[in-house]
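No value in this document is a laboratory result; all are computed from the given coordinates. Computed from a prediction, not measured in an experiment: that's the story for all the values here. Here the Cβ is made from the backbone with ideal geometry for all residues, glycine too, and neighbour counts use every protein chain on show.
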Amino acid sequence: MTLTTARRMTLEEFLSYDDGTDKRYELVDGVLVEMGAESTTNTIIAGFLFGFFLQMGLPSYRIGFKQKIEVASRYVTARDPNLIVHTEDSFQAIDERKEACLKYGEPNPLIIVEVVSPGDETKDNYQRDYVQKPEEYADRGIGEFWRIDPERKWIQIGVLMAGQYQFTVFKGDDTVVSKSFPSLNLTASHMLQAGR
């Protein structure tokens with residue numbers, strides 16, 4: 001659902017917007033667009049990865065939940081990934097900031113993790129996760145993009161090469177390979193089942 005306002009919102013207005021509800025929004029060309037509620041599966045996988053990164057020794061402050069990232073896009077002003085794995089520099093850019101949003105032109109995070117919502121290729125969320133977000137994150141120059149799709153039962157790890165992500169698909173008992181974490185010892189099924 002799109003909410004019309006008297007004038008278009010700026011990113012700063014959007015970041016501080018509160019309508020008194022728990023609804024989630026994206027800012028599309030200055031207009032608020034309501035996003036559906038996050039699925040339980042998506043939140044469980046994101047929580048599992050948070051714990052897994054902690055066990056690998058990553059400091060908790062470098063694992064971002066509910067932090068936005070500004071993109072240059074005709075679709076939205078900022079995205080809200082399921083998880084952001086920060087570099088020291090990208091974390092320092094948002095540290096102590098009132099609104100947790102990594103602005104365009106600021107240091108990039110190490111990895112963006114998106115857990116795909118259910119839906120076939122005709123659905124808006126498919127277009128967001130499989131078409132728009134890879135273009136937007138690549139345009140920012142983010143080196144690694146993880147796309148986790150519980151419905152299709154695969155993990156896709158994209159490494160930025162020549163301005164585009166080159167994806168490798170992992171399924172079942174495949175060990176997930178990450179350029180950023182070469183010692184990652186995790187199978188696709190273990191990640192998709194969130195350790196259950």
Looking at LEU58, PHE48, ALA78, which one has the Cα that reaches farthest to the positive end of the dipole of segment 39-90 (charges on Cβ: Lys, Arg +1; Asp, Glu -1)?
ALA78
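Can you tell me the dipole magnitude for segment 69-133 around its Cα centre, using point charges on the Cβ only (Lys, Arg +1; Asp, Glu -1), in Debye to the nearest 20? Working shown, then result.
Values: 8 positive and 13 negative charges, 44 e Å.
Computed about the Cα centre, the dipole is about 220 debye.
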Quickly work out the GLN164-to-GLN55 label distance, labels modelled 7 Å from Cα along the C-beta direction, and quote it in nm with one decimal.
3.6
So the FRET efficiency between LEU184 and ARG74, C-beta based with R0 = 41 Å and rounded to 0.05, is 0.75
Residues of segment 155-196 with amide N under 20 Å of a point placed 7 Å along Cα→Cβ from ILE44:
155-156, 171-174, 186-196
From the phi angles alone, apply the Karplus equation (6.51, -1.76, 1.60; θ = phi - 60°) to segment 48-63 and give each ³J(HN,Hα) in whole Hz, x where the residue is Gly or Pro.
4, 5, 4, x, 5, 5, 4, 5, 7, x, 6, x, 4, 5, 8, 10
Quick check for you: which residues of segment 139-154 have the amide N under 16 Å from the point 7 Å beyond the Cα of LYS171 toward its beta carbon?
148-154
